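A.B. asks: Just dropping this structure here.
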Amino acid sequence: MTLLIVTLYLLAVVDATASGYSAAAGRSALIHKGPHYRKSMVRGFVLGQIAAAISLSLVLWAVKTAAHPDAFCSDLARVWTRMLQVYLPFSLIILTAFAFRLAPSVDVRCLTSTLVFGPLAGIRPLVAIAGLLWGLWAAPRPEIIAGGAGILLLWLSLERVLGIPYRPKESV
Amino acid sequence: MNDLEISDEILSFDPDTLERLPVRKSAVLQKFAAQSNRRAMSIVREMADRNDILDPDAVDRRLIRVHCEMQRISEEFQHGQRVAELLRPILEALRSTGVVRPIRIVDVGCGTGFVLRWLAARGDLGNDVELVGADYHPALIGEAMRLAKKEDLRVTFRVANAFRLDPPGSFYLSTGVVHHFRGEGLPAFFRSHDRPETRAFAHFDFLPSPMAPFGSWLFHAVRMRDPLAKHDGVVSAIRAYSGDELVRAAGDGAPGFVRAMYSTRLGILPIPRAFHSLVGLRPEYREAFLRALGPRRSRLGAWT
C-alpha cells in the first residue's frame with residue numbers, strides 16, 4: 001500500500017512540475033529562459049505538494065469514514081495498481097524521450113517532439129482519465145468513483161492555475 | 001479552400017511609405033465568409049474595433065502574443081540550431097571565396113526577431129557578421145528591439161522593406177515568410193534578391209506533405225493558446241509551397257543564383273521534416289559551400 005502511494009505521489013509531483021514548465025512555455029520571448037522556467041517549475045512543484053496533501057487528506061478521510069476500512073483499503077489498492085498499469089508505461093515513454101533529447105543531433109531532438117512530446121501532451125488528459133477508469137473497473141464503489149474523479153480534476157486543473165500569473169502579460 | 005491567414009488580413013501597410021492603413025473589420029469578415037471559414041470569422045468578430053476599424057493597439061498586442069507562442073514552436077523544433085547549421089557553411093563559403101565585410105545577414109519579415117536574436121546569443125557566427133532584422137510592423141520590431149536590449153544582443157532591427165535597406169544584405173534569410181507571397185508575388189520576391197551586393201539567401205518554410213496539415217493542427221492545438229495562432233498555423237501548412245515550386249520561382253525571379261532545396265527528408269527515413277529550406281548562392285560560391293557542408297551535403301537536392 002505504502003509503495004503504491006509513494007509511486008503515485010512521485011508521478012503526480014513530476015506531472016505537477018512539468019505542468020509548471022508547460023504553463024510557462026510560450027510566455028517569454030527571451031532567448032535565455034532558464035530562470036523563467038525554473039520559477040514556474042518550482043511553482044508547479046509547490047502546488048503539486050498542496051494538491052498531494054489535499055488528495056491524501058481525502059483518501060484518509062474516506063478510509064476513516066468507511067464502514068469496513070480494511071475492505072475499502074483493499075479496493076483502493078486494486079484501483080491504484082491498475083491505474084499505475086496505465087500511468088507507468090506512459091511516464092516511461094516520456095522519460096525515454098528525454099534521454100533522446102540529450103542527443104547532439106538536431107534531427108533526433110526534433111523527432112522526440114514530433115513523435116513523443118507533441119502527441120503525448122495532446123493525449124495526456126485522456127490517458128489520465130483512461131487510467132482512472134481502468135482502475136475504477138476493479139472496484140467501482142461510489143465513494144472511490146467520486147473521490148477519484150475529484151482528485152483527477154484537481155490534478156488536471158493545475159496547469160490552468162499555474163498559468164494565471166502569466167495571463168495579464170503580453171510577453172515577459 | 002481556407003487559404004487566408006487572419007494575421008495577413010488584419011494588418012495593412014502601404015508598401016512604399018510603410019504607413020499603417022486602417023482595416024475594416026467588416027471587410028475582413030466578408031473575406032472569410034466567402035471561404036465559409038466560420039472559425040476565422042468568430043476569431044475576427046471578437047477583435048476590438050472602433051467604428052468598424054480594427055483597433056490597431058489591440059491588433060499589435062495580439063500579434064506580439066502570437067509571435068511569442070510561435071517562438072515556442074520554433075524553439076521546440078530547434079529552429080535556431082537548424083538555421084545556424086546551414087548558415088555556417090554558407091558563411092565559410094563566402095569568406096573563403098571573397099565577400100565584402102561585414103557580411104550583412106538580413107532577416108526578411110523577422111517579426112519579433114527570434115532567429116536573429118538566437119543567432120546573436122548562441123549562433124557563434126563570427127565578428128565579421130552583422131545581423132539585421134526587417135519587418136513592416138513597428139510593434140513587432142519594437143518588441144524585437146526590447147528583447148534584444150534586455151539580453152544585450154548584438155543585432156539591429158528596422159521597420160523597413162528588407163530589400164530597400166542601405167547598405168543591402170549580403171545574405172537574405174526568412175522563416176515562414178515565403179508562403180505569404182502568392183501568384184506573381186513569389187517570383188517578384190526572389191527578383192528583389194538579384195542585386196550585386198547580395199551573395200546568397202536561405203528561406204525556411206513549412207514542407208507540404210499529406211501529413212503536414214494534421215501535424216500542424218496537432219502541434220498548434222497542443223502548444224498554442226491563442227485561437228488566431230492555431231488557425232494561422234494550420235493554414236500556413238496547407239498553403240506552403242513545394243520544393244519544386246520554390247526552386248522554379250527562384251529561377252524565374254533570381255536567375256543569377258544557383259538554387260537547391262535543403263533538408264527535405266530525415267536521412268534515409270521516409271519521414272518528411274516540418275520545415276524545408278531553399279538555398280540560393282552566386283555560382284562562384286557553390287563548390288566552397290559543398291566542401292563546407294561536409295557529410296551534410298547529402299541533404300541538398302539537385303542544383304538548378
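Nothing in this text is a laboratory measurement; each read-out follows from the coordinates by a stated rule. Note that the structure is a prediction, hence the values are computed from the model and not measured. Please note: Cβ atoms are built from the backbone with ideal geometry, for glycine as well, and neighbour counts cover all protein chains shown.
A.B. asks: Once Rh is set to the Kirkwood radius over Cα pairs, what Stokes-Einstein translational diffusion coefficient, in µm²/s, holds for the protein assembly as shown at a temperature of 25 °C and a viscosity of 0.890 mPa s?
C.D. replies: After rounding, the answer is 99 µm²/s.
A.B. asks: Decide, for region B:173-231, between rounded, prolate and oblate: order the square roots of the alpha carbon gyration tensor eigenvalues as a ≥ b ≥ c, take rounded if a/c falls under 1.5, and otherwise choose prolate if a/b is larger than b/c, else oblate.
C.D. replies: prolate
A.B. asks: Here is a follow-up. Determine the calculated [θ] at 222 nm for the protein assembly as shown from helices alone, applying -39500 (n - 2.57) to every DSSP H run no shorter than 4 residues and normalising by the residue count; nearest 500 deg cm²/dmol.
C.D. replies: Details: 19 runs with 265 residues, N = 476.
It lands at -18000 deg cm²/dmol.
A.B. asks: OK, next. Lysine pairs in the protein assembly as shown 8 or more apart or on different chains: how many have alpha carbons under 23 angstrom apart?
C.D. replies: Going through the protein assembly as shown pair by pair, I get 11.
A.B. asks: Placing +1 at every Lys and Arg Cβ and -1 at every Asp and Glu Cβ, with all other atoms neutral, what dipole size does region A:1-78 have around its Cα centre, in debye to the nearest 20? Present the calculation step by step, with values, prior to reporting the outcome.
C.D. replies: Numbers: 7 positive and 3 negative charges, 100 e Å.
So the dipole magnitude of region A:1-78 works out to roughly 480 debye.
A.B. asks: Still on this structure, I have one more. Ignoring solvent entirely, what values of log10 I(q)/I(0) come out of the Debye formula for region B:217-267 at 0.13 Å⁻¹ when each Cα is a single scatterer?
C.D. replies: For region B:217-267, the Cα-only Debye profile gives -0.50.
A.B. asks: In whole angstrom, how long is each semi-axis of the equivalent ellipsoid of region B:111-187, when you take the square root of 5 times every eigenvalue of its Cα gyration tensor and sort them from largest down? Don't skip to the answer; put the middle values down first.
C.D. replies: Values: eigenvalues 97, 44, 28 Å².
They are 22, 15, 12 Å, listed from largest to smallest.
A.B. asks: Moving to a separate point now. Take the Cα atoms of chain B, find their three principal axes, and give me the spread along each one in whole Å, biggest first.
C.D. replies: Each principal axis gives a Cα extent; for chain B these are 58, 41, 35 Å.
A.B. asks: With +1 on the Cβ of every Lys and Arg and -1 on the Cβ of every Asp and Glu, and nothing else charged, how large is the dipole of region B:129-184 about its Cα centre, in debye rounded to the nearest 20?
C.D. replies: It works out to roughly 100 debye.
A.B. asks: Taking only the alpha carbons of region B:1-140, what extent do you get along each of the three principal axes, in Å, biggest first?
C.D. replies: Each principal axis gives a Cα extent; for region B:1-140 these are 57, 34, 26 Å.
A.B. asks: With point charges of +1 on the Cβ of Lys and Arg and -1 on the Cβ of Asp and Glu, referenced to the Cα centre of chain A, which listed residue (A:Pro69, A:Ala97, A:Trp80) lies farthest in the positive direction of the dipole?
C.D. replies: Of A:Pro69, A:Ala97, A:Trp80, it is A:Ala97.
A.B. asks: On to the next question. Convert each backbone phi in region B:284-291 into a coupling constant with the Karplus relation 6.51 cos²θ - 1.76 cosθ + 1.60 (shift: θ = phi - 60°), then list the ³J(HN,Hα) values in order as whole Hz, x for Gly and Pro.
C.D. replies: 5, 9, 4, 5, 5, 5, 4, 5
A.B. asks: Another question, if that's okay. May I have the convex hull volume per residue, in Å³, for the Cα set of region A:1-86? Present the calculation step by step, with values, prior to reporting the outcome.
C.D. replies: Numbers: hull volume 8.2 nm³, N = 86.
Hull volume over Cα atoms, normalised by residue count, gives 96 Å³.
A.B. asks: What Kirkwood hydrodynamic radius do you get for region B:181-304 when you take the inverse of the mean 1/r over all pairs of distinct Cα atoms, in Å? Provide the component values of the computation, followed by the final result.
C.D. replies: On the way: mean 1/r = 0.0638 Å⁻¹.
Radius from the Kirkwood sum: 15.7 Å.
A.B. asks: Related question: Give me the dipole magnitude in Debye, nearest 20, for chain A about the Cα centre, with unit charges on the beta carbon: positive for Lys and Arg, negative for Asp and Glu. Spell out each step's value before the answer.
C.D. replies: Details: 15 positive and 7 negative charges, 107 e Å.
Using only the charged Cβ atoms, the result is roughly 520 debye.
A.B. asks: Kirkwood hydrodynamic radius, computed over distinct alpha-carbon pairs, for region A:79-172: how many Å, to one decimal? Don't skip to the answer; put the middle values down first.
C.D. replies: Numbers: mean 1/r = 0.0645 Å⁻¹.
Computed over Cα pairs of region A:79-172, the Kirkwood hydrodynamic radius comes out at 15.5 Å.
A.B. asks: Same structure again: In Å³ and rounded to a whole number, note down the convex hull volume per residue for the Cα atoms of region B:132-173.
C.D. replies: Details: hull volume 2.9 nm³, N = 42.
Convex hull of Cα atoms, per residue: 69 Å³.
A.B. asks: Once phi is turned into θ = phi - 60°, what whole-Hz ³J(HN,Hα) does the Karplus curve with 6.51, -1.76 and 1.60 give for every residue of region B:244-251, x standing for Gly and Pro?
C.D. replies: Once rounded to whole Hz, the list reads 4, 4, 5, 4, 5, 5, 5, x.
A.B. asks: Next question, about the same structure. What angle do you read, to the nearest 10 degrees and between 0 and 90, between the alpha-carbon axis of helix B:79-97 and the longest principal axis of chain B?
C.D. replies: For B:79-97 against chain B, the angle is about 40 degrees.
A.B. asks: Hey, another quick one. State, to one decimal in nm², a quarter of the convex hull surface area for the C-alpha atoms of chain A, i.e. the direction-averaged projected area.
C.D. replies: Numbers: hull surface 43.4 nm².
So the Cα hull casts an average projection of 10.9 nm².
A.B. asks: Give the average over all directions of the projected area of the C-alpha convex hull of region B:58-186, one decimal, in nm². Numbers along the way, then the final one.
C.D. replies: Working: hull surface 34.0 nm².
Over all viewing directions, region B:58-186 projects a mean Cα-hull area of 8.5 nm².
A.B. asks: Taking the alpha carbon gyration tensor of region B:118-236, what are the square roots of 5 times its eigenvalues, largest first, to the nearest whole Å?
C.D. replies: The three semi-axes for region B:118-236 are 27, 21, 14 Å.
A.B. asks: While we're on this one: Please list 3J(HN,Hα) in residue order for region B:187-201, calculated via the Karplus relation 6.51 cos²θ - 1.76 cosθ + 1.60 where θ = phi - 60°; whole Hz, with x for glycine and proline.
C.D. replies: Karplus-based 3J(HN,Hα) across region B:187-201 equals x, 5, 4, 6, 4, 4, 6, 7, 10, x, 6, 7, 9, 6, 8 Hz.
A.B. asks: Now for a separate question. Amide H of B:Tyr172: which non-local residues (sequence gap of 5 or more, or other chain) have their own amide H closer than 5 Å, using H built in the peptide plane?
C.D. replies: B:Val106, B:Ala200, B:Phe201, B:Ala202
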